[in-house]
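All remarks here apply to the structure that follows.
The values are calculated or read from the model by the stated rules, or taken from the named source; none is laboratory data. Owing to the predicted nature of the structure, the values given are computational and were not obtained by experimental measurement. We place every Cβ from the backbone using ideal geometry, glycine too, and count neighbours over all the protein chains shown.
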Amino acid sequence: MNKIFEILVVDDDRSILEVLKIGIAEKGFKVDAYESAEEALKNFQGGRYRYALIDIKLQGMDGLELSQEIIKLDQNIVVILMTGYPDIRNVVEALRSRVFDYLIKPFRLSQLFAVLDKAEQNIQINAENLLLKKYVAQLKNENQELKSKIKKLTPMFFKYNENSQTSPKERAVDSYKKNQENFDLSTEDEVF
């Protein structure tokens, strides 16, 4: 990752919180760390954080609930959950509810940074997809405009009976031949 972003860290184990805070800050991130979901939510500002690293098992509001609350406040935040008690139900619920990934404690900081790199790549791909979708929509609009213009211009170049059973290709060839005949006659008139 080239650009450094702010990250929110929430864990009710103070020693883990301090290790994460120091390790993440050493990578250049600005870190806001909280020991409770309620404290984190009270100080949360939408648009401030790129990532949130949240422990699932917290006193009071748990990490899944907190993640849902902050996602409501900031649709663009990337949430990564941490758990010391891997439970497949929690993992499935987290992934269904827009949590990007999860880490099983204990984990190395290198694992966390690998997940952050993967998240950043995902963000870039999504941004490119959004731009491509806008571009495709623009091309579709331009295509419709061109079709409309062609439809308006067609009678000027191709004079045919709309009730005839000839195909568009046959009508185009006939019209071309007639135009060629007119062109040939007019050029002959001009020759001295």
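So, in the stretch 120-152, of the ones that are of a type in the set (Val, Ile, Thr) and over 30 Å from Asp101 (Cα atoms), which residue ends up modelled with the highest pLDDT?
My answer is Val136.
Out of Val99, Val136, I need the residue that is outside the structural domain of Arg171 (by TED's automatic domain parsing) and exposed (fewer than 14 other Cβ atoms within 10 Å of the Cβ). Which one?
Just a single option satisfies the conditions, and that option is Val136.
With Asp55, Asp87, Asp117 as the choices, which residue is out of contact with any Pro (no Cβ under 8 Å at 6 or more places or on another chain), surrounded by fewer than 18 Cβ atoms within 10 Å (Cβ to Cβ) and in contact (Cβ under 8 Å) with a residue 12 or more places away in the chain?
Asp117 is the lone residue from the list that is out of contact with any Pro (no Cβ under 8 Å at 6 or more places or on another chain), surrounded by fewer than 18 Cβ atoms within 10 Å (Cβ to Cβ) and in contact (Cβ under 8 Å) with a residue 12 or more places away in the chain.
Kindly establish whether Asn126 is part of a helix (DSSP H, G or I) and under 14 Å from the mean Cα position of the chain (by Cα).
Yes: the conditions hold for Asn126.
Output the helices (runs of 4 or more DSSP H) that fall wholly within the stretch 5-90 and possess 1 or more residues being of a type in the set (Val, Ile, Thr), or say none. Even if it seems obvious, please write down each step before you answer.
On the way: elements: 14-26, 37-43, 63-73.
Answer list for the stretch 5-90: 14-26, 63-73.
In this structure, is Lys118 in the same structural domain as Asp12 (by TED's automatic domain parsing), closer than 15 Å to Phe5 by Cα and not hydrophobic (A, V, I, L, M, F, W, C)?
yes
Tell me whether the stretch 19-31 contains one or more residues that are over 22 Å from Gln121 (Cβ atoms), in the same structural domain as Asn126 (by TED's automatic domain parsing), in contact with a Gly (Cβ under 8 Å, 6 or more places away or on another chain) and of a type outside the set (Ser, Thr, Tyr).
The answer is no, given that none of the residues of the stretch 19-31 is over 22 Å from Gln121 (Cβ atoms), in the same structural domain as Asn126 (by TED's automatic domain parsing), in contact with a Gly (Cβ under 8 Å, 6 or more places away or on another chain) and of a type outside the set (Ser, Thr, Tyr).
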